[in-house]
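Since the structure comes first, as structure tokens, the remarks are kept for the end.
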Amino acid sequence: MPAQPIRVAVVNDYELVVAGLAAMLAPFREQVVLVEADSGLPVVGDVDVVLFDTFARGEGGRGLEGLVASGTARIVVFSWHTDPGVVDRALREGADGYLHKALGAHEIVAALEKVCDGEVVRPDPRLAMTDPDLDRASGAWPGQREGLSPREGEILAYITQGLSNQEIAESTYLSINSVKTYIRTAYRKIGVTRRSQAVAWGMTNGFVPDRSRVRLAD
């Protein structure tokens with residue numbers, strides 16, 4: 001365990017996701033200090049660990065290369081996408097750890113401590129099949145208050161970004177039929193019937209990627 005609290009930056013393209021993850025870690029101030037929360041902007045603070053939430057990023061976290069190249073902080077991916085091949089690729093590309101989103105805050109903190117001690121942390125293989133619609137979801141996501149599940153919210157985010165069903169399937173490691181099922185249930189919850197309506201709804205309800213930075217500590 002590190003002698004001093006770990007200085008952490010949380011990163012994702014959606015401010016709500018970043019804020020939710022920061023709120024989860026806030027009670028553990030003696031172990032982690034939240035230095036910075038970034039949405040769509042590079043980390044600029046002096047931190048020990050960047051906790052990278054991959055909501056609506058796909059492929060286990062597009063943008064990992066840029067985080068690895070940006071400095072000396074350790075990078076820990078936080079994702080639903082924990083297929084062993086995805087995890088292996090992220091670690092080869094420079095991630096120092098990879099965590100499943102079914103973890104609770106205390107488990108995340110414990111994993112960050114292990115990473116800072118030099119361990120390479122991987123998700124429990126038993127969690128690899130966990131469906132985010134059936135298990136507890138960590139943090140927050142766009143559409144949560146409207147009743148969208150984590151997976152429905154993620155897929156609606158991809159739709160708002162202009163991805164096709166095939167591209168969404170490739171990004172989420174779901175079958176086309178599963179993607180279509182999630183789209184139908186998401187549309188029913190938000191009261192739309194067409195893709196253009198879903199895009200318009202998403203653009204006015206927090207599904208457009210943000211660009212913001214909040215410095216939480218010096």
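The values are calculated or read from the model by the stated rules, or taken from the named source; none is laboratory data. What you are looking at is a predicted structure, and each value in this text was computed from that prediction instead of being measured. Note that each Cβ is placed from the backbone with ideal geometry, even for glycine, and that neighbours are counted across all protein chains shown.
General remarks:
Yes/no matrix, rows are residues, columns are (1) part of a loop (DSSP other than H, G, I, E, B); (2) under 18 Å from the mean Cα position of the chain (by Cα); (3) acidic (Asp, Glu):
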| residue | (1), (2), (3) |
| --- | --- |
| GLU170 | no, yes, yes |
| THR185 | no, no, no |
| LYS189 | no, no, no |
| THR193 | yes, no, no |
| ALA198 | no, no, no |
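- The residues of segment 66-88 that are surrounded by fewer than 16 Cβ atoms within 10 Å (Cβ to Cβ) and not in a loop (DSSP other than H, G, I, E, B), listed by number, are GLY66, ALA69, PRO84, GLY85, ASP88.
- Checking THR82 against (1) without any contact (Cβ under 8 Å) to a residue 12 or more places away in the chain; (2) within 20 Å of LEU174 (Cβ to Cβ); (3) hydroxyl-bearing (Ser, Thr, Tyr), the condition it does not meet: (1)
Every residue, every condition in (1) part of a helix (DSSP H, G or I); (2) farther than 15 Å from TRP80 by Cα; (3) without any contact (Cβ under 8 Å) to a residue 40 or more places away in the chain, yes or no:
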{"residue": "ARG145", "(1), (2), (3)": "no, yes, yes"}
{"residue": "LEU148", "(1), (2), (3)": "no, yes, no"}
{"residue": "LEU174", "(1), (2), (3)": "no, no, yes"}
{"residue": "THR181", "(1), (2), (3)": "yes, yes, yes"}
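- Criterion applied to GLU113, GLU119 was being farther than 20 Å from TRP80 by Cα, in the same structural domain as GLY20 (by TED's automatic domain parsing) and in contact (Cβ under 8 Å) with a residue 60 or more places away in the chain, and the one residue passing it is GLU113.
- Screening ALA102 against (1) outside any loop (DSSP other than H, G, I, E, B); (2) under 20 Å from LEU127 (Cβ atoms); (3) not acidic (Asp, Glu) leaves a single unmet condition, (1).
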